[in-house]
Amino acid sequence: MASKETCRTELRAAVRHLSDRGLYSAAKWAAEQLMGIEQDPSRHTPSHTRFQRGSSSIRRRFRTATPAESSATPSAGVSYVMTPSLVAAEEYDYGLMDSDFYLLAKSYFDCREYRRAAHVLRDQTAKKAMFLRFYALYLAGEKRREEEMIELEGPLGKSDAVNSELLSLQRELSTLHKNGTIDAFGLYVYGLVLKEKGSENLARSVFVESVNSYPWNWSAWSELQTLCTTIEALNSLNLNNHWMKDFFLASSYQELRMHNEALAKYEYLQGTFIFSNYIQAQIAKAQYNLREFEQVEVIFEELLRNDPYRIEDMDMYSNVLYAKECFSALSYLAHRVFLTDKYRPESCCIIGNYYSLKGQHEKSVMYFRRALKLNKNYLSAWTLMGHEYVEMKNTSAAVDAYRRAVDINSCDYRAWYGLGQAYEMMGMPYYALHYFKKSVFLQPNDSRLWIAMAQCYETEQLHMLEEAIKCYERAANCNDREAIALHQLAKLHFELGRTEEAAFYYKKDLERMEDEEREGPNMVEALMFLAQHCKTQKKFDEAEVYCTRLLDYTGPEKETAKSLLRGIRYARDVEHFPP
């Protein structure tokens with residue numbers, strides 16, 4: 001890993017270069033990482049570091065590997081440094097172009113008048129001006145495509161509208177690429193065009209060229225990551241060693257559901273970027289996918305204390321609060337984001353979750369639809385809206401929402417799971433099973449998915465009890481929080497006449513209920529079966545213990561226990577004193 005001072009110097013330069021080219025998302029990301037590096041106390045007073053205060057507590061509390069333990073993570077090795085020659089080349093490039101033309105074009109660009117900006121730069125030949133012209137034309141085409149989609153099909157409908165600038169951009173950028181007269185930023189636009197045209201392999205290689213030439217453009221890394229849908233594709237990339245590569249690998253591991261590997265990478269990066277809110281949010285995302293909700297909640301609370309107007313990733317926090325049924329905390333979060341920026345897709349999703357928890361599903365759907373008007377590719381909104389339609393028993397609308405989600409990201413296990421649920425509600429277990437299998441393939445450590453698949457196997461149409469048992473066993477090994485798997489395993493083994501196996505799982509279920517101090521019909525059922533089983537096995541003392549515990553209940557189980565207890569004592573007397 002490069003030194004803190006090297007990273008700081010590179011990021012400061014990157015923020016200026018990216019902002020000057022209109023790559024604002026990448027510039028914001030770079031600036032956030034710049035502030036994530038610990039400042040030298042000898043150079044800065046406490047007032048300069050107030051943005052960072054308190055962040056390290058999360059790192060100390062949830063760190064799972066020390067730097068020594070993270071040795072398996074490859075170090076970044078050689079670091080790119082903004083050398084004087086590179087700075088000189090930048091200034092020389094600037095000198096070749098008419099700076100007044102560039103300033104005018106950049107002003108139009110910032111006002112989202114993309115075609116005017118491109119027109120101003122039509123005769124400019126400097127690489128920086130040519131990039132801005134290409135990028136402005138690309139964005140102009142995207143803007144017009146979105147307008148056509150709304151005009152033709154409505155804000156949430158499908159449309160065949162395409163970016164009309166892609167063909168001309170591809171021709172011009174392809175020529176420059178072949179001639180070797182294109183810089184890293186031009187390569188980034190060329191990669192965007194190729195990706196839109198469906199040339200994914202070529203787009204991947206062009207993005208690799210771009211990040212190898214200029215590694216601080218996080219937007220290029222993000223686009224490259226979307227093209228690495230398998231670990232094989234990721235490993236095949238010929239990337240230069242640079243500390244930015246570690247950010248890319250961590251993000252890629254996250255998307256490939258390699259959550260433990262992603263955590264190790266992010267904790268390695270925290271050695272340098274100790275106060276990075278981005279890294280903390282990504283750690284929370286990995287913990288969320290591992291269903292460690294307590295840790296996720298603590299991290300997001302700390303993030304909000306450090307950055308109270310943050311909206312990015314807060315929709316994930318709202319999902320955690322929803323799952324934990326923290327009504328007051330979710331209400332406070334929804335109010336907070338509403339006051340900060342109510343027309344952000346994340347804000348709409350948070351408010352939608354709030355109304356869903358209140359049971360107002362129609363109003364929840366309204367906010368999810370609003371989020372999709374703001375961003376039609378907002379994956380969480382499609383999935384969550386599908387969940388709401390399931391609650392409203394509107395299965396056809398739910399299926400449509402889930403299908404739109406998997407069209408956007410075929411690796412979204414929640415949408416596949418939702419499709420399975422919807423088809424199960426429609427009494428179509430074969431279809432449901434197909435979708436449950438897809439979801440469990442993508443998220444094999446989620447007990448809920450295995451349980452859903454097992455219940456599908458149990459349906460009257462399928463009645464594949466052996467397969468159901470295998471699924472429940474996988475669920476039991478995946479930290480079944482809902483405590484369903486053990487009880488169902490016991491019942492299925494009993495149904496198949498395997499009393500020993502049934503007794504084994506009833507005992508395990510009983511032990512778990514005792515540890516968690518839970519009462520209920522499952523405990524009564526377990527005690528009743530174990531009492532009968534022990535009596536049959538002539539383990540009279542053990543059977544008597546279970547019966548005695550049943551006497552503490554009121555209702556028919558108490559009378560059954562009394563009768564069973566009399567039978568046990570009689571059988572024991574007969575055994576000791578035969579007639």
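Data overview
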| item | result |
| --- | --- |
| Space enclosed by the convex hull of the alpha-carbon atoms of segment 476-579, per residue, Å³ | 102 Å³ |
| Contact order relative to length of the chain, as percent, for alpha carbon pairs under 8 angstrom and 6 or more apart | 8 percent |
| log10 of Debye I(q)/I(0), alpha-carbon scatterers only, for segment 305-453 at 0.19 Å⁻¹ | -1.13 |
| On Cα atoms only, tilt of 485-495 relative to the major axis of the chain in degrees | 40 degrees |
| Percent of Cα-Cα distances greater than 26 Å, calculated over segment 153-294 | 36 percent |
| Angle between the chain longest axis and helix 345-357 axis [Cα atoms, degrees, rounded to 10] | 20 degrees |
| Selected from 494, 442, 504, residue furthest toward positive end of dipole (segment 429-523; charges at beta carbon) | 442 |
| Cβ-derived FRET efficiency at R0 35 Å, residue 39 paired with residue 407, nearest 0.05 | 0.20 |
| The chain: Cα Rg divided by the 2.2 N^0.38 Å rule of thumb | 1.21 |
| Segment 262-374 - Rg and Dmax from Cα coordinates, angstrom | 14.4, 47 |
| Net charge over other residues, Cβ less than 13 angstrom from the Cβ of residue 240 (K, R count +1; D, E count -1) | -1 |
| Dipole of the chain, positive end: most advanced residue of 236, 333, 462 [Cβ charges, Cα centre] | 333 |
| Tilt relative to the chain, helix 465-476 - C-alpha long axis, 0 to 90 degrees, to 10 | 60 degrees |
| Phi-based couplings in Hz for segment 131-142 (Karplus 6.51, -1.76, 1.60; Gly and Pro marked x) | 4, 4, 5, 4, 5, 5, 5, 4, 5, 4, x, 5 |
| Cα-centre dipole for the chain with unit charges at Cβ (Lys and Arg positive, Asp and Glu negative), debye to 20 | 880 debye |
| Over the chain: helical MRE at 222 nm, DSSP H runs n ≥ 4 each giving -39500 (n - 2.57), nearest 500 | -22500 deg cm²/dmol |
| Set of lysines with alpha-carbon distance to residue 376 below 26 Å, sequence-local pairs under 8 removed | 28, 143, 158, 195, 197, 285, 342, 358, 363, 393, 438 |
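Since every read-out is calculated from the coordinates, none of them should be taken as a lab result. Since the model is a prediction, treat every value here as computed from it, not as a measurement. When we count neighbours, we look across all protein chains shown, and the Cβ atoms used for this are built from the backbone with ideal geometry, even at glycine.
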